[in-house]
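Okay, structure first, notes after.
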Amino acid sequence: MSAVRIVPLEQRHREGWERLYAGYAAFYKVEQTPEMRATVWGWIHDPAHEVKALVAEDAEGRAIGLAHYRPYARPLRAGYGGFLDDLFVDPAARGTRVADALIARLSEIGREKGWNVIRWITADNNYRGRGVYDRVATRTMWITYDIAL
């Protein structure tokens, strides 16, 4: 998809970002309110907050994909990595390598920042996403755990 541009999230993307992020939450069956999206929107636009975002735009400038990311310390490596928290592509744009482009741009940002890895997790049953991830990254042996608080 040669007409796709990957750019930092801007105010003009608000409506498209809301639609995409709501779709992401629905995919993972997470109840997400407009207030929750407003909080994340605020984080992204706060220069002091760690969460940043990229948007994939089509030829008309519409948001068709999003990626939220942040740095994280890696004490064992005495360095930093980047964590890809959320990645979502509009269902109508899937299969056009939009996710690849978002991940590639994030990798460029990571290299610019001196990170030594980009890491993310996904659901075991996210077969379509995992197809992309298996193509562009290396699956690790790590298993994650949560303690609900």
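The values are calculated or read from the model by the stated rules, or taken from the named source; none is laboratory data. This is a predicted model, so every value here is computed, not measured. Note that we place each Cβ from the backbone using ideal geometry, even for glycine, and neighbour counts take in every protein chain shown. All accessible areas refer to the heavy atoms of the entire protein, side chains included, with ligands and DNA or RNA removed. Shrake-Rupley method; radii C 1.70, N 1.55, O 1.52, S 1.80 Å.
Just one residue in the set 13, 68 is open to solvent by less than 20 Å² (accessible area, probe 1.4 Å) and part of a strand (DSSP E or B); that residue is 68. Total residues in region 90-103 satisfying the condition of being in contact with a strand residue (DSSP E or B) (Cβ under 8 Å, 6 or more places away or on another chain) and without any contact (Cβ under 8 Å) to a residue 40 or more places away in the chain: the figure is 3.
So which residues in region 125-149 are of a type outside the set (S, T, N, Q) and more than 18 Å from residue 97 (Cα to Cα)? Selection gives 139, 141, 142, 143, 145, 146, 147, 148, 149. For region 105-121, the set of residues classified as surrounded by 13 or more Cβ atoms within 10 Å (Cβ to Cβ), of a type in the set (D, E, K, R) and over 22 Å from residue 76 (Cα atoms) consists of 105 only.
So if I check each of 102, 54, which one is closer than 24 Å to residue 5 by Cβ, part of a strand (DSSP E or B) and open to solvent by less than 50 Å² (accessible area, probe 1.4 Å)? After ruling out the rest, the residue left standing is 54. Residue 128 passes every criterion in (1) in a helix (DSSP H, G or I); (2) under 18 Å from residue 19 (Cβ atoms) apart from (2). Residues of region 17-40 that are open to solvent by less than 30 Å² (accessible area, probe 1.4 Å) and under 19 Å from residue 106 (Cβ atoms): 17, 20, 21, 40.
Of all residue pairs spaced 6 or more apart or on separate chains, those with beta-carbon atoms under 7 Å, a first member in region 1-26 that is in contact (Cβ under 8 Å) with a residue 24 or more places away in the chain and a second member that is surrounded by fewer than 18 Cβ atoms within 10 Å (Cβ to Cβ) and assigned to a strand (DSSP E or B) are 24/86.
Which of the residues that make up region 71-99 are of a type outside the set (Lys, Arg) and part of a loop (DSSP other than H, G, I, E, B)?
Going residue by residue through region 71-99, those that are of a type outside the set (Lys, Arg) are 71-73, 75-76, 78-93, 95-96, 98-99.
Result: 78, 90, 95, 96.
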